[in-house]
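Peer 1: Here it is: the structure, laid out below.
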């Protein structure tokens, strides 16, 4: 990348949009996991779609690779730039442009933080149901790029279920104006869905039309203790049957997760004893407060009478509900209480009835590599997604062996190596576990068609 090209960028985009040398802060080459790389040659911070288009037009012409960044909350190194890449930071393209309650849609720019969108639509009595622990820093563009899931998938679906349309800039600078404020659009191939979950390798999302919903009049949360995962599955079935569409979340936590969070994370309450094997956070929401409360209370009574759950606490206020959710949302804080070099985070998709055996297999076989290794397991049990934090303080040099083992076990159980975090660079060697050779080659064909010079996030998901 020549100085002449940098000067051309400055002339086209203006000095305020271009950072080089000492102007580039560490946050552009360090992510939330603590992983850092060499400083990139340049960082471009556009304010408009037109500037994004001009940047990509120039990079496409000169075959200069580009890494797109949002909130840098990813866990698979997908937004960390290589030394020869320009960083395209979406931090200044961050407005919530419109909230249309009649259509049930909000229009937001890609750099808008998730929490900013949530708070903006809440001002008009609506909610954007996508919700993650990183809500304050992750951006909607990043959520779209990885098809994020989060806490309410069981009711509202993944990110792709919440998108009505996208404005996207392709590798050569072409702007695809796909923003639409209606649900039905059967006019050929759905290009919107093509870009969701593609981790920025096919185009750069600049604006999104998001589905929003009226805020439920009541939201009740309970934390329950159970003696076995078989009872967790039974409880999930009962919750689906008794709550129906009121069931918003069903989160499972193995003992190690719950116990360590309440012991090690400052400010987290302990509503139940720490000696139970499993814990479930269940949330119900709807328009009739009395009904929501009575339905969840009745479910807990039936489950207790049938020895499905052995202890439970029900929220009595927004504050107590938030305190229960804080337990489940403290995974990142818990991880930071351990040395980074000893921790590996996994995000896998599994059939729900395979989860317990998977967890037992992981816990047993990692000790063949490191007798002191242990796994902390939790996740969105209602939609088949487990998070596994593996700790191996006695053998930091065996990290790759442990990583390979966990993905191998995931394959043995017919699972997905990534349920919602994406593939990025970190999981790229293991893509073949969850996708066939023909599927990967089809992805490459799409990449070649839309990005023939391979400038958009090259090396993410797969190599060309």
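The values are calculated or read from the model by the stated rules, or taken from the named source; none is laboratory data. Quantities reported herein were computed from a predicted structural model and do not represent experimental measurements. Virtual Cβ from ideal backbone geometry, glycine too; neighbours counted across all protein chains shown.
Peer 1: For residues in segment 237-256 being in a helix (DSSP H, G or I) and touching a residue at least 24 places away in the same chain (Cβ under 8 Å), which is surrounded by the fewest Cβ atoms within 10 Å (Cβ to Cβ)?
Peer 2: Across segment 237-256, the extreme among qualifying residues is 245.
Peer 1: Scan segment 337-359 and tell me whether some residue there is crowded, with 21+ Cβ neighbours inside 10 Å and within 16 Å of residue 248 (Cβ to Cβ).
Peer 2: No; the residues of segment 337-359 include none that is crowded, with 21+ Cβ neighbours inside 10 Å and within 16 Å of residue 248 (Cβ to Cβ).
Peer 1: Six or more apart or on different chains, Cβ under 7 Å: which pairs go from a residue in segment 166-178 that's closer than 14 Å to residue 61 by Cβ to one that's part of a strand (DSSP E or B)? Could you list them?
Peer 2: 170/176; 171/456
Peer 1: If you don't mind, there's one more thing I want to ask. What is the number of the single condition among (1) surrounded by 20 or more Cβ atoms within 10 Å (Cβ to Cβ); (2) modelled with pLDDT of 95 or more; (3) under 15 Å from the mean Cα position of the chain (by Cα) that residue 135 does not meet?
Peer 2: (2)
Peer 1: Does residue 460 meet the test of being within 17 Å of residue 66 (Cα to Cα), at pLDDT 95 or above and assigned to a helix (DSSP H, G or I)?
Peer 2: When the stated conditions are applied, residue 460 does not pass them.
Peer 1: Hey, another quick one. If we keep just the residues of segment 74-120 that are in contact with a helix residue (DSSP H, G or I) (Cβ under 7 Å, 6 or more places away or on another chain) and part of a loop (DSSP other than H, G, I, E, B), which is nearest to residue 389 (Cα to Cα)?
Peer 2: Per the criteria, the residue is 74.
Peer 1: Moving to a separate point now. Would you check if there is a residue in segment 28-44 being more than 26 Å from residue 344 (Cβ to Cβ) and surrounded by fewer than 15 Cβ atoms within 10 Å (Cβ to Cβ)?
Peer 2: No, segment 28-44 contains no residue that is more than 26 Å from residue 344 (Cβ to Cβ) and surrounded by fewer than 15 Cβ atoms within 10 Å (Cβ to Cβ).
Peer 1: Here is a further query. So for segment 212-228 (the condition being closer than 30 Å to residue 89 by Cβ and touching a helix residue (DSSP H, G or I) at 6+ places or on another chain (Cβ under 8 Å)), does at least one residue qualify?
Peer 2: Within segment 212-228 (the criterion being closer than 30 Å to residue 89 by Cβ and touching a helix residue (DSSP H, G or I) at 6+ places or on another chain (Cβ under 8 Å)), the answer is yes, since at least one residue qualifies.
Peer 1: Would you mind telling me which numbered condition in (1) free of Cβ contacts under 8 Å to residues at least 60 places away in the same chain; (2) part of a loop (DSSP other than H, G, I, E, B) residue 304 fails?
Peer 2: Of (1) free of Cβ contacts under 8 Å to residues at least 60 places away in the same chain; (2) part of a loop (DSSP other than H, G, I, E, B), only one is false for residue 304: (2).
Peer 1: Output the number of residues of segment 317-359 satisfying the condition of being within 30 Å of residue 397 (Cα to Cα) and without any contact (Cβ under 8 Å) to a residue 12 or more places away in the chain.
Peer 2: Qualifying residue count for the region: 1.
Peer 1: Residues to consider are 440, 461; find the one that is touching a helix residue (DSSP H, G or I) at 6+ places or on another chain (Cβ under 9 Å) and either surrounded by fewer than 21 Cβ atoms within 10 Å (Cβ to Cβ) or assigned by TED's automatic domain parsing to the domain that holds residue 65 (or both).
Peer 2: 440
Peer 1: Okay, next question. Across segment 20-49, which residue is nearest to residue 139 (Cα to Cα) among those that are assigned to a helix (DSSP H, G or I) and touching a residue at least 60 places away in the same chain (Cβ under 8 Å)?
Peer 2: Checking each candidate, the answer is 28.
Peer 1: Same structure, new question: Would you mind finding the one in 363, 395 that is free of Cβ contacts under 8 Å to residues at least 60 places away in the same chain, farther than 25 Å from residue 279 by Cβ, surrounded by 15 or more Cβ atoms within 10 Å (Cβ to Cβ) and not assigned by TED's automatic domain parsing to the domain that holds residue 282?
Peer 2: On inspection, the qualifying residue turns out to be 395.
Peer 1: Still on this structure: Answer yes if at least one residue in segment 372-388 is touching a helix residue (DSSP H, G or I) at 6+ places or on another chain (Cβ under 8 Å), assigned to a loop (DSSP other than H, G, I, E, B) and either modelled with pLDDT of 95 or more or surrounded by 15 or more Cβ atoms within 10 Å (Cβ to Cβ) (or both), and no otherwise.
Peer 2: Yes, segment 372-388 has at least one match.
Peer 1: So, one more: Which residue, of 360, 400, 404, is more than 26 Å from residue 231 (Cβ to Cβ) and modelled with pLDDT of 95 or more?
Peer 2: 404
Peer 1: Hey, another quick one. Find the residue count for segment 1-12, including only residues that are surrounded by fewer than 20 Cβ atoms within 10 Å (Cβ to Cβ) and touching a residue at least 40 places away in the same chain (Cβ under 8 Å).
Peer 2: Within segment 1-12, residues that are surrounded by fewer than 20 Cβ atoms within 10 Å (Cβ to Cβ) and touching a residue at least 40 places away in the same chain (Cβ under 8 Å) number 4.
Peer 1: Go through 90, 72 for me and flag whichever is more than 18 Å from residue 425 (Cβ to Cβ), surrounded by 15 or more Cβ atoms within 10 Å (Cβ to Cβ) and touching a strand residue (DSSP E or B) at 6+ places or on another chain (Cβ under 9 Å).
Peer 2: Criteria check complete, one pass: 90.
Here is a yes/no grid of residues against (1) assigned by TED's automatic domain parsing to the domain that holds residue 248; (2) under 18 Å from the mean Cα position of the chain (by Cα); (3) surrounded by fewer than 19 Cβ atoms within 10 Å (Cβ to Cβ):
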residue	(1), (2), (3)
154	no, yes, no
161	no, yes, yes
164	no, no, no
167	no, no, no
176	no, no, yes
180	no, no, yes
187	no, no, yes
195	no, yes, no
203	no, no, no
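Peer 1: Take segment 410-441 and flag every residue that is touching a strand residue (DSSP E or B) at 6+ places or on another chain (Cβ under 9 Å) and more than 26 Å from residue 73 (Cα to Cα).
Peer 2: 413
Peer 1: Is it the case that segment 308-316 has a residue that's free of Cβ contacts under 8 Å to residues at least 24 places away in the same chain, more than 28 Å from the chain's Cα centre (by Cα) and either closer than 16 Å to residue 239 by Cβ or in a loop (DSSP other than H, G, I, E, B) (or both)?
Peer 2: yes
Peer 1: Tell me the residue from 270, 264, 259, 231 that is over 20 Å from residue 151 (Cβ atoms) and crowded, with 19+ Cβ neighbours inside 10 Å, please.
Peer 2: 231
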